[in-house]
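Single-structure report; data block below.
The values are calculated or read from the model by the stated rules, or taken from the named source; none is laboratory data. Only a predicted model underlies this, so the values are computations on that prediction, with no experimental measurement involved. A quick note on method: Cβ atoms are made from the backbone with ideal geometry, for glycine too, and the neighbour counts reach across all protein chains shown. Remember, those area values only see protein heavy atoms, side chains included, never the ligands or the DNA or RNA. Shrake-Rupley method; radii C 1.70, N 1.55, O 1.52, S 1.80 Å.
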Amino acid sequence: MDLDILKQFFINIFSFDEHYPLLFTQFYFWAFFAFVFAGFCLLKNKRLLRNSYLFFMSVLFYYKTSGLFVLILIFSTIFGFFVGKGIYKSEKNGCRKFLLTIGIVVNLFILFYFKYAYFFTDVYNSLFHCKIEVVNHLAKWADEWTNSNRFDASKILLPVGISFYTFQNISYLVDIYRRQVAAVNNILDFGFYTTFFPQLVAGPIIRANQFIPQLYKPFFLSRRQFGIAVFWILNGLLKKIILSDYLAVNFVDRVFNNPTMYTGFENLMALFTYSLQVYADFSGYTDIAIGVAMLMGFYLPVNFNSPYKAKNPGEFWKRWHISLSNWLKDYLYIPLGGNRKGKVRTQINLMTTMLVGGLWHGASWNFVIWGGLNGVGILVYKFWRNLSYFKKTLLTFSVFMILAIIDYLYPAPFFNMAVIWAGIVFFGTLISALRDCFHRGKHIAWLSNCWAIFQTFVFISFTRLFFRSGSNLDPAEANTLAWNTAKDMVGQIGGKWRLDLIPQILYEYRYVFILFVIGMVIHWLPTRWKRWYRLNFALMPIWLMVIVTCVCIFVIYQFITADLQPFIYFQF
């Protein structure tokens with residue numbers, strides 16, 4: 001009987017169950033990591049064995065997360081290794097370009113097949129009035145080869161994290177071509193680089209020149225680094241479970257699932273709350289990934305820098321998902337010409353980059369719209385920052401009046417919402433202009449920063465209307481449902497408000513709004529304060545650190561919902 005139990009235990013460890021994928025928020029992951037870390041401790045001073053061990057454990061992790069999609073990851077790894085070596089060893093520029101082109105095309109083909117088949121088929125059908133249906137040819141061939149019906153050829157499923165490791169592989173090949181990094185000689189070392197499990201399924205996207213040198217360094221973990229690693233893990237879990245999951249389950253998901261059942265105020269607060277939820281979710285994953293990697297002596301790049309402190313949309317994208325922003329800048333924006341080919345070309349390059357960034361997040365028009373809105377926001381700010389306060393005031397007043405006239409002639413919730421926001425922007429701009437004319441003292445400069453941060457946060461939150469509406473939807477139906485959700489929410493927010501119900505709403509969702517305020521206040525704390533409490537945690541005596549960790553785990557456990565929420569960026 002004991003042998004049967006042990007046998008079943010190992011079967012559970014090495015088998016894939018789609019209902020129980022390995023998530024950072026599950027006990028199974030931490031049991032898995034304890035097992036991995038124990039083996040790592042035995043091999044940490046033997047470089048090749050250590051890297052090989054972590055490569056195979058990372059493959060196992062991805063299998064436990066995604067099942068047979070692990071074969072795609074293995075193919076991408078083997079393909080990237082040999083193409084990279086070919087580019088590095090080739091002396092002829094034409095051959096190097098050919099290999100780079102093949103490498104990029106194959107990686108993008110894999111990404112497009114699994115992620116964008118529905119999107120491009122839908123676009124083609126709309127343009128040419130066809131009724132072509134998506135067929136999973138890989139599943140069909142697999143069924144024919146195995147003479148079975150094990151795979152569903154009628155649907156293409158999206159492998160977890162495919163966008164992340166595809167972009168990572170492309171950057172590796174491009175960096176070799178540019179002679180910015182040497183090709184990795186050992187396929188086991190390279191496999192470790194491409195599959196390192198803490199960041200494999202949701203980033204950050206690690207660049208070859210940042211991570212590959214770490215493959216050859218001896219293991220080192222100081223007492224303070226250990227404390228910092230534990231801090232990042234706890235910080236990530238607190239963000240994910242207490243902030244993100246609680247806000248999602250108890251408020252955000254309810255409103256987005258049926259906007260017309262809720263008032264305009266509730267819809268508006270759902271948008272703002274979602275901004276905090278998605279930040280806590282994604283940055284929480286990154287924090288845990290950074291902490292887990294640091295425990296094994298590896299360092300992942302910073303992916304977030306308090307993005308809601310940004311004073312304009314351009315600064316926001318320098319603080320949000322930094323690894324993706326830098327990737328798009330270095331491998332798309334700059335190769336397109338960047339800002340080197342005139343003002344109009346710069347604007348086109350920027351919009352192209354933001355549209356591709358939106359499409360990277362999801363294969364539906366709502367993500368393209370979201371990316372485009374962010375691009376427009378950056379361009380508007382670039383125009384706005386060069387205007388005098390007189391011109392800014394005149395422009396905002398003109399926009400306000402035009403929108404007011406349109407709303408009067410053609411009443412609609414969207415125009416009503418636009419008029420109110422234009423009025424708020426005009427009023428704030430007028431106050432800033434008056435201050436600039438009559439009181440130039442620097443001691444109230446903080447007020448301008450707060451106003452800029454507020455405007456940016458509101459703008460980013462409204463663009464997320466299109467981001468959230470299409471998330472977690474089947475690609476075949478994402479466009480229609482996302483558009484209907486966005487339309488319904490705009491209708492509620494821009495419609496007539498029941499102001500008498502607001503006190504009741506605030507009371508009924510008091511814990512949600514209190515948590516939202518606490519989360520935003522912590523987010524807006526000065527960086528030096530955060531560095532101070534992070535360092536003080538790391539320098540605690542071990543016994544005190546254990547107590548604090550146990551208290552944090554106990555608090556986290558109280559917030560765990562019945563159904564653990566997957567990380568939002570797993571779908572990308």
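Selection of the stretch 203-221 for residues being open to solvent by 50 Å² or more (accessible area, probe 1.4 Å) and not in a loop (DSSP other than H, G, I, E, B) yields Asn209, Gln210, Pro213. When the residues of the stretch 89-125 are narrowed to those that are within 24 Å of Arg178 (Cβ to Cβ) and among the small types (Gly, Ala, Ser), which ends up surrounded by the most Cβ atoms within 10 Å (Cβ to Cβ)? If we take residues in the stretch 89-125 being within 24 Å of Arg178 (Cβ to Cβ) and among the small types (Gly, Ala, Ser), then Gly103 is surrounded by the most Cβ atoms within 10 Å (Cβ to Cβ).
Against the definition (modelled with pLDDT under 90, more than 22 Å from Phe109 (Cβ to Cβ), open to solvent by less than 10 Å² (accessible area, probe 1.4 Å) and touching a Pro at 6+ places or on another chain (Cβ under 8 Å)), how does Pro198 come out, yes or no? Walk me through how you get there before you give the answer.
Details: modelled with pLDDT under 90: yes; more than 22 Å from Phe109 (Cβ to Cβ): yes; open to solvent by less than 10 Å² (accessible area, probe 1.4 Å): yes; touching a Pro at 6+ places or on another chain (Cβ under 8 Å): no.
Here the answer is no, as Pro198 does not meet what is asked.
So is Lys131 at pLDDT below 80, charged (D, E, K, R), part of a loop (DSSP other than H, G, I, E, B) and at negative phi or not? Write out each step before concluding.
Numbers: at pLDDT below 80: yes; charged (D, E, K, R): yes; part of a loop (DSSP other than H, G, I, E, B): yes; at negative phi: yes.
For Lys131, the condition - at pLDDT below 80, charged (D, E, K, R), part of a loop (DSSP other than H, G, I, E, B) and at negative phi - is met.
Scanning the stretch 403-420 turns up no residue that is touching a residue at least 12 places away in the same chain (Cβ under 8 Å) and over 28 Å from Phe466 (Cα atoms). Does the stretch 44-80 hold any residues that are open to solvent by less than 10 Å² (accessible area, probe 1.4 Å), among the small types (Gly, Ala, Ser) and within 28 Å of Pro218 (Cβ to Cβ), and which are they? Scanning the stretch 44-80 gives Ser58, Gly80.
Do the conditions hold for Lys318, that is, is it among the basic types (Lys, Arg) and within 14 Å of the chain's Cα centre (by Cα)? Answer is yes for this residue. Inspect all residues belonging to the stretch 230-250 and state whether any of them is polar (S, T, N, Q), modelled with pLDDT under 90, assigned to a helix (DSSP H, G or I) and within 22 Å of Val548 (Cβ to Cβ). Checked against the condition, which is being polar (S, T, N, Q), modelled with pLDDT under 90, assigned to a helix (DSSP H, G or I) and within 22 Å of Val548 (Cβ to Cβ), the stretch 230-250 yields at least one hit. Residues that are touching a Phe, Trp or Tyr at 6+ places or on another chain (Cβ under 9 Å), farther than 19 Å from Tyr124 by Cα and either open to solvent by 20 Å² or more (accessible area, probe 1.4 Å) or among the hydroxyl-bearing types (Ser, Thr, Tyr) (or both) within the stretch 362-380 comprise just one, Leu373. Scanning the stretch 511-547 for residues that are part of a helix (DSSP H, G or I), open to solvent by 40 Å² or more (accessible area, probe 1.4 Å) and farther than 30 Å from Phe272 by Cα returns Leu535, Asn536, Ile542, Trp543, Leu544, Val546, Ile547. Pairs are defined by a Cβ separation below 6 Å, a sequence spacing of at least 6 or placement on different chains, a first member in the stretch 447-458 that is under 18 Å from Leu276 (Cα atoms), and a second member that is modelled with pLDDT under 85 and open to solvent by 20 Å² or more (accessible area, probe 1.4 Å); no pair meets this definition.
One residue stands out among those in the stretch 233-284 that are basic (Lys, Arg) and under 15 Å from Phe559 (Cβ atoms): the one that is surrounded by the most Cβ atoms within 10 Å (Cβ to Cβ), which is Lys240.
Can you say whether Gly264 is small (Gly, Ala, Ser) and modelled with pLDDT under 90, as far as the supplied structure shows?
The answer is yes for Gly264.
Picking from residues in the stretch 297-321 that are crowded, with 20+ Cβ neighbours inside 10 Å and hydrophobic (A, V, I, L, M, F, W, C), the one that is nearest to Gln347 (Cα to Cα) is Trp317.
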